[in-house]
Every structure is written in structure tokens, then in C-alpha cells.
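Colleague: Please see the structure below; I have some questions.
Values quoted throughout were computed directly from the atomic coordinates according to the rules given, and no laboratory measurement underlies them. Given the structure is predicted, the values throughout are model-derived calculations rather than measurements. Glycine also receives a Cβ, built like all others from the backbone with ideal geometry; neighbour counts cover every protein chain displayed.
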Amino acid sequence: MIVFGCQSLPAPETEFRGVWVATVVNIDWPKNGNDVVQKQKVDFIKFLDFYEALNFNALIVQIRTAGDAFYPSYLAPWSRFLTGSEGEPKSGFEDPLQWLIDQTHERGLQFHAWLNPYRATFDLDTTLLAQSHDFYQHREWMLKYGKKYYYNPGNPEVWKHLTKVVEEVVVNYNIDGIHFDDYFYPYKIPGEVFADSLTYAEYGLSTQNLGDWRRSNVDSLVKNVHQTIKTHKPWIQFGISPFGVWKNQSTDPLGSDTKAGQTTYEDLYADPLLWMKQGWLDYIVPQAYWSMDYPAASHRKITEWWANNSENTQLYMGNGAYKIKNNADEAWNKKKELPLQLQLSRSIPQVKGNVFFSAKSLPQHPKVTKKIQQKLYSSPTNPSMPLNFPSRLIPKPGIISNESGSNGQNICISHYDSVPRFLSIYKIKPGRRRFPQLLKKVYLPINESQCCFTLKNSSKKMELLVKDAFGNESQPIPITN
């Protein structure tokens with residue numbers, strides 16, 4: 001067992017540092033769907049400024065919460081969590097998703113579009129839904145369970161529809177990733193039955209029991225979404241954040257040493273181990289939202305289990321920042337709990353980063369944030385990239401102009417590529433660091449041939465290189481001050 005003290009482990013050259021921005025019922029953003037556009041923009045920029053200053057490098061933003069959309073769509077109505085009234089556009093915010101992407105890329109962060117595929121409504125009050133919502137357009141797709149309606153995962157028309165939903169986003173926006181969370185078949189409710197027996201009778205194979213059939217339905221969606229993404233824009237990453245416990249050892253010797261009340265495989269009918277084996281995922285983020293040594297489900301044990309059972313896929317761990325000083329488990333009252341979890345991740349070679357739930361949590365706890373910044377995220381870094389992306393030659397960028405100005409060093413470069421990429425500007429100090437210090441990242445969209453930016457914190461010795469969306473790097477070129 002590794003015992004962590006006050007000394008942090010050295011930062012790796014690349015590390016995924018992400019945060020989930022939850023929009024359902026306005027958890028993180030916007031604070032209220034009825035807020036004016038300017039306030040919604042200011043609130044989002046506050047998050048961006050906070051996480052940029054904390055040296056994060058990726059945002060995972062929820063753009064579909066329950067059969068709705070945070071973007072103009074012919075497949076779903078406008079979300080009431082954005083506009084205040086479902087199906088009604090927000091004047092002055094005609095394409096909010098494009099604005100969110102632009103603002104995120106402007107700060108050198110990746111933007112991953114997070115969609116909840118199967119949740120059709122957040123409650124049973126269907127009077128809040130627009131007539132264009134699938135609840136009204138395709139009532140035959142809906143199953144009531146608990147206090148929500150769900151898309152029936154066993155209906156092949158649902159697979160096709162949800163794949164089209166993803167396709168619409170992939171084709172229309174220059175995002176860095178598509179992301180699903182842990183909601184597949186719903187978490188089980190004691191005494192209630194998920195009423196898909198008729199669908200099972202119609203579509204299930206004689207060789208499949210109910211559980212295997214349900215898992216095969218989710219497998220089909222994951223496979224189809226992966227194929228659709230890679231057909232249109234193969235550089236867009238596909239990631240999923242399953243519930244942290246695959247199985248307990250009590251039901252399968254291959255499971256984790258945990259006592260979780262529900263599991264990903266047996267209760268949510270999701271099989272992320274298969275998805276990784278088949279190459280359908282670029283990254284996986286198990287939601288291990290427990291404290292390091294929580295008896296029923298230790299974050300330490302779960303992290304080690306996933307490290308030993310992940311393949312063919314980048315592994316990041318999901319951390320429950322929302323529990324800080326807000327949970328019956330007293331470990332979350334200690335400001336070192338979350339930093340210790342990050343140190344654990346960094347100590348395990350298979351873990352390549354972390355994602356925090358949710359965006360509003362860290363700003364509420366400055367002491368924890370300060371500890372993370374000082375000990376772990378003291379300098380920026382590039383995110384880890386998927387394992388199986390293709391190798392390709394990236395030409396060197398060219399310097400068009402390099403002039404000092406009142407706001408810093410104004411640099412214009414030339415570079416052309418048919419895929420998106422980021423410029424990385426490094427400060428070089430031989431013998432001072434294991435890796436050169438990343439000073440700034442600049443996003444270049446598809447087919448952009450020229451880019452200008454201002455470098456406020458310049459150095460006498462710097463270099464610039466291009467890293468494409470597949471993770472391939474050009475040779476660096478020097479920049480003089």
C-alpha cells in the first residue's frame with residue numbers, strides 16, 4: 001500500500017484534468033433558465049476562468065439532459081434548463097453550444113459534449129414538455145419507471161434515434177469529445193419493475209436471458225455511436241463514465257472488494273469491460289465518488305481495480321468533489337481527502353487523469369482548491385490522448401510575425417491541417433524541470449491557416465509546436481523574445 005504524505009508526486013508530461021459541468025435542473029450552469037443571456041454568459045465564463053487558473057485542461061459540458069437540447073436541433077426541443085421554457089429559443093443566444101465551445105477553446109481547454117441518452121424526462125410533469133419532445137412524438141418509445149420516463153433501450157428505433165442525436169452534434173460542431181455518463185438502464189427502485197417484458201418477447205433471442213439481452217441493447221448503442229463518430233470525425237473522442245463498481249466480489253470473483261448496493265453490470269446492464277475490449281471507447285472515467293477508505297466502496301480499492309481491469313482505453317478516475325463537507329462520511333470533512341485521491345491516481349501508471357463532479361464544487365472550497373493547486377496542479381499540462389489514434393506527420397508551424405506590445409508578445413503563425421489542433425508554447429529551462437513548462441495553448445479549427453495570439457507571460461527561451469486532435473506532434477520551433 002502506498003502511503004501519501006505532504007509531498008506530492010511529480011506531475012506527468014500529460015494528464016487529463018477535467019470537470020463535469022452539469023446543466024440538468026441547473027446544478028452548475030446556467031443558474032436559472034430564466035436568467036438573461038448576459039448573466040448566463042458571465043456565469044459560464046466565471047467557471048472557465050476558475051478552472052483555467054487551476055490548470056485544468058478539459059470541460060465536460062452537459063448538452064442533453066432529458067430528451068432536450070442546448071443547441072438548435074431538429075431532433076429535440078430547446079431545454080427549459082437553458083431557456084426557461086422547453087421548446088422556446090432564447091433570444092440573443094441562437095447557438096449557445098457554439099458559444100460554449102468557442103469560449104472553452106479560446107482558453108486552450110478541450111470541450112467534451114456530455115449527453116444523457118436514455119433519460120426522457122426528469123419528472124412526471126409532462127405538461128412542462130414541448131410538443132416536439134419525443135414523449136409526444138414517439139410515445140411508444142417511452143417507459144415509466146419511478147418518477148421519470150425513459151427511452152426503452154430494447155427498441156431498435158431508439159438506438160437509431162439516439163445515434164442520430166449524437167451524429168447531429170458531431171457533424172455540426174468542432175467538439176473534442178462525446179461523453180455519456182452512468183445512466184443506462186435506470187438505477188433499480190425496490191418494488192418496481194422496469195416494464196420491458198413485451199419488448200424482450202419481441203426482440204430478445206432465445207439464447208439470451210433478460211439481463212444479457214438488456215446489456216446487448218446498451219452494447220448496440222455504444223457500438224453504433226462509436227462507429228458514427230469515427231465515420232464523420234475520427235479525431236473526436238468517445239468517453240463514458242460508468243458507475244464505479246462493475247461487480248462486487250460477492251457475485252463474481254473478478255469483481256472489486258466492495259459491497260456496493262448496485263453495480264454497473266448487474267443493475268444498470270452496462271458492460272464497460274466489453275466496450276474497452278472491443279475498442280469502442282477512447283477513454284473511461286469510473287465514478288468512484290467515495291472516500292479513500294470508505295468501508296463499502298473504497299476509492300483506493302476501486303481505483304486499483306480499474307487500473308488492473310482496463311485495456312485498450314485511457315483510464316481517468318471520477319472524483320466526487322461535491323461531497324466535500326457535504327456527506328455523512330466524515331472523511332470528506334478533511335481538506336486532504338480529495339488531494340490524496342489525486343495523488344493515488346498519479347501514483348498508478350495506468351491512471352492518466354481525473355474528472356471532478358461537479359463544476360460548482362471546488363469554487364466553494366478554497367482551502368481544498370489551494371492544496372490541489374500548490375501540490376498537484378501547479379502548472380498547466382496537455383491532456384492525455386487516446387491510445388489507438390492514428391499516427392500522422394504534422395508539419396512545423398511557421399512564424400509570420402513576432403512583436404512586443406503593451407499587453408505582451410504578439411505572435412502570428414501559419415499552419416494548415418484538415419483536422420483541429422492546439423498550438424502549445426513552452427518555456428525551456430534546461431536542467432530545471434523533467435518536462436518543459438507549458439505557457440499557453442491556442443486552438444486552431446479545421447482548415448484554419450493562420451492564427452494570432454498574445455503571450456502575456458513570455459520567456460527568453462521558448463518553443464512552439466502543434467499537436468493535432470489525434471495527439472500527434474510537430475517538431476518544435478524556437479520563439480525569441
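Colleague: Output wanted: per-residue J couplings in Hz (rounded whole) for region 34-48, from phi through Karplus 6.51 cos²θ - 1.76 cosθ + 1.60, θ = phi - 60°, x for Gly and Pro.
Modeller: 7, 4, 5, 4, 4, 5, 4, 5, 4, 5, 5, 5, 4, 4, 4
Colleague: So what's the angle, to the nearest 10 degrees on a 0 to 90 scale, between helix 156-172 and the longest Cα principal axis of the chain?
Modeller: It works out to around 20 degrees.
Colleague: Next question. What are the ³J(HN,Hα) values, in whole Hz, obtained from phi via the Karplus relation 6.51 cos²θ - 1.76 cosθ + 1.60 with θ = phi - 60°, for each residue of region 269-278 in sequence order, with x given for Gly and Pro?
Modeller: So the J values, rounded to whole Hz, are 6, 10, 10, x, 5, 5, 4, 5, 4, 7.
Colleague: Stick to Cα atoms and the Kirkwood definition of Rh, then tell me Rg/Rh for region 1-113.
Modeller: 1.08
Colleague: Report D for region 398-480 in µm² per second (integer): Stokes-Einstein, Kirkwood Rh on Cα pairs, 37 °C, 0.692 mPa s.
Modeller: 249 µm²/s
Colleague: Cα-Cα over 21 Å: which of 90/160; 147/223; 371/440; 396/440?
Modeller: The pairs that break the limit, which is 21 Å between Cα atoms, are 90/160; 147/223; 371/440.
Colleague: What share of the DSSP beta bridges in region 131-259 is antiparallel, in percent to the nearest 5?
Modeller: Beta bridges within region 131-259, antiparallel portion: roughly 45 percent.
Colleague: Check which residues have an amide H placed less than 5 Å from residue 178's amide H, if you skip close sequence neighbours.
Modeller: So residue 178 has HN proximity to 113, 237, 238, 239.
Colleague: Where in region 41-137 are there GluC sites (Glu not before Pro) that are in a DSSP coil and have at most 15 other Cβ atoms within 10 angstrom of their Cβ?
Modeller: Here the sparse-neighbourhood loop sites are 94.
Colleague: Can I ask one more? Give me the percent of Cα-Cα pairs in region 173-234 that sit more than 19 Å apart, rounded to a whole number.
Modeller: Of the Cα pairs, 48 percent sit more than 19 Å apart.
Colleague: How large is Rg over Rh for region 304-394, taking Rg from the Cα atoms and Rh as the Kirkwood inverse mean of 1/r across Cα pairs?
Modeller: Rounded to two decimals, Rg/Rh equals 1.03.
Colleague: Cut-off under 17 Å on the C-alpha distance; same-chain residues fewer than 8 positions from residue 164 excluded. Which aspartates and glutamates are left, in chain and number order?
Modeller: Cα-Cα hits under 17 Å: 68, 134, 219.
Colleague: With both partners inside the chain, how many of the DSSP beta bridges are antiparallel, as a percent to the nearest 5?
Modeller: The answer is about 50 percent antiparallel.
Colleague: If you don't mind, there's one more thing I want to ask. Each residue of region 258-267 in turn: what ³J(HN,Hα) in whole Hz from Karplus with 6.51, -1.76, 1.60 and θ = phi - 60°, glycine and Pro shown as x?
Modeller: 9, 10, 5, x, 9, 10, 4, 6, 8, 10
Colleague: Where does helix 299-309 land angle-wise versus the long Cα axis of the chain, in degrees 0 to 90, nearest 10?
Modeller: 90 degrees
Colleague: Over the chain, calculate the relative contact order: mean separation of alpha carbon pairs under 8 Å at least 6 apart, over the residue count, as a percent.
Modeller: After rounding, I find 14 percent.
Colleague: Mind listing which chymotrypsin sites (Phe, Trp or Tyr not before Pro) in region 371-480 are in a DSSP loop and have 10 or fewer other Cβ atoms within 10 Å?
Modeller: Qualifying residues, ordered by number: none.
Colleague: Search the structure for amide H atoms under 5 Å from the amide H of residue 439, placed 1.01 Å from N in the peptide plane, and list their residues when 5 or more places away or on another chain.
Modeller: 425, 426, 427
Colleague: Non-local amide H neighbours of residue 387 (under 5 Å, H modeled in plane, Pro and chain starts lacking H): which ones?
Modeller: 314
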